Amino acid sequence: MSKVIVVGIGPGEYEQMTIKAANALKECDVIVGYTVYIDLVRDHFPGKIFLTTPMTREVERCEMAFEEAKKGQTVAMICSGDAGVYGMSGLIYEVSVKYPEVDVEVLPGVTAALSGAAVLGAPLIHDFALISLSDLLTPWEKIEKRLYMASEADFVICLYNPSSRKRHDYLMKACDIMLKFKSPDTVCGTVKNIGRDGEEIHVCTLAELREMSVDMFTTVFIGNSQTKEIGGKMVTPRGYRM
């Protein structure tokens, strides 16, 4: 039967892809994805048909995948990180109602919160909140409230999409909200280009983070009141007795 498999490819490095995800891409006929993500996998899967659409054309991308599957092909829709965390799996299921003859399967991947945390040390050992600062699909007022509530509750906070050319001051605005509840000395960290060429990490304070310039390829971690720096790494204790 025709099938669309939604595949989370992890942070971008082939070795950080799950075995099941890699096998799915080896066995499929067509790989569909955002142009940047296709470029990450193209060299590892020669002989495949690759189809892309740019950002903001996600619905068209999903329809393209189903139309290819209707031809009797197995199609992989790839997403960076995990397909179910700010990925395409939800939209694929929404579009799938128009294609009842096509099966859908979702394969998980390592999302940036987890791969970035591993690079920084152990910032997510305790409860944490994952929030995107992109207001493309979510009103900024709702994002502000989520930041406010997560900060008040003393969660470790991981931020996706912290900045862009149109949103160059959003990280600063987010830090201002968090500083209402968190100390300026709160341990924070950033990881840019996780698992890709040019990977960069920084451990800093919340006050320093407020003044930093980041981009869409950076994942930001803000500690809770217990988070500390150990040997240049960001660590949130869970509370084990020592």
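Going by the structure shown, is LEU159 buried (at least 16 other Cβ atoms within 10 Å of the Cβ), within 23 Å of TYR37 (Cβ to Cβ) and touching a residue at least 60 places away in the same chain (Cβ under 8 Å)? When the stated conditions are applied, LEU159 passes them.
Do we have any residue at all in region 202-220 that's at positive phi and surrounded by fewer than 17 Cβ atoms within 10 Å (Cβ to Cβ)? There is no residue in region 202-220 that is at positive phi and surrounded by fewer than 17 Cβ atoms within 10 Å (Cβ to Cβ). The residue of region 1-51 that is nearest to MET64 (Cα to Cα), among those that are under 21 Å from the mean Cα position of the chain (by Cα) and hydroxyl-bearing (Ser, Thr, Tyr), is TYR34. Kindly provide the set of residues from region 24-59 that are at pLDDT 95 or above, of a type outside the set (A, V, I, L, M, F, W, C) and exposed (fewer than 13 other Cβ atoms within 10 Å of the Cβ), ordered by number. Correct list: LYS26, GLU27.
Listed by position, the strands (runs of 3 or more DSSP E) enclosed by region 19-111 that each have at least 2 residues that are hydrophobic (A, V, I, L, M, F, W, C) and closer than 29 Å to ILE131 by Cβ are 74-79, 103-107. Total residues in region 216-242 satisfying the condition of being without any contact (Cβ under 8 Å) to a residue 24 or more places away in the chain and of a type in the set (Phe, Trp, Tyr): the figure is 1.
No other residue among HIS168, HIS126 is of a type outside the set (Lys, Arg), within 16 Å of THR219 (Cα to Cα) and part of a loop (DSSP other than H, G, I, E, B) apart from HIS168. Within region 1-18, restricting attention to residues that are of a type in the set (S, T, N, Q) and part of a loop (DSSP other than H, G, I, E, B), the residue that is least open to solvent (accessible area, probe 1.4 Å) is SER2.
Would you check if there is a residue in region 113-133 being under 30 Å from SER151 (Cα atoms), out of contact with any helix residue (DSSP H, G or I) (no Cβ under 6 Å at 6 or more places or on another chain), of a type in the set (Gly, Ala, Ser) and at pLDDT below 95? No, region 113-133 has no match at all.
Taken as a whole, the condition of being in contact (Cβ under 8 Å) with a residue 40 or more places away in the chain, closer than 22 Å to ASP135 by Cβ, of a type outside the set (Gly, Ala, Ser) and surrounded by 12 or more Cβ atoms within 10 Å (Cβ to Cβ) does not apply to ILE194. Working carefully through the options SER115, SER151, find the one that is touching a Phe, Trp or Tyr at 6+ places or on another chain (Cβ under 6 Å), assigned to a helix (DSSP H, G or I) and either open to solvent by less than 60 Å² (accessible area, probe 1.4 Å) or farther than 29 Å from ILE19 by Cβ (or both). The conditions single out SER151. Scan region 129-143 for residues that are surrounded by 16 or more Cβ atoms within 10 Å (Cβ to Cβ) and part of a helix (DSSP H, G or I) and jot them down. Hit for region 129-143 is ILE143, nothing else.
The values are calculated or read from the model by the stated rules, or taken from the named source; none is laboratory data. Treat the numbers as computed from the prediction; the structure is a model and nothing was measured. Quick reminder, even Gly has a Cβ in these numbers, built from the backbone with ideal geometry, and neighbours come from all protein chains shown. Please note that ligands, DNA and RNA were not included when accessible areas were found on the heavy atoms of the full protein model with its side chains. Shrake-Rupley method; radii C 1.70, N 1.55, O 1.52, S 1.80 Å.
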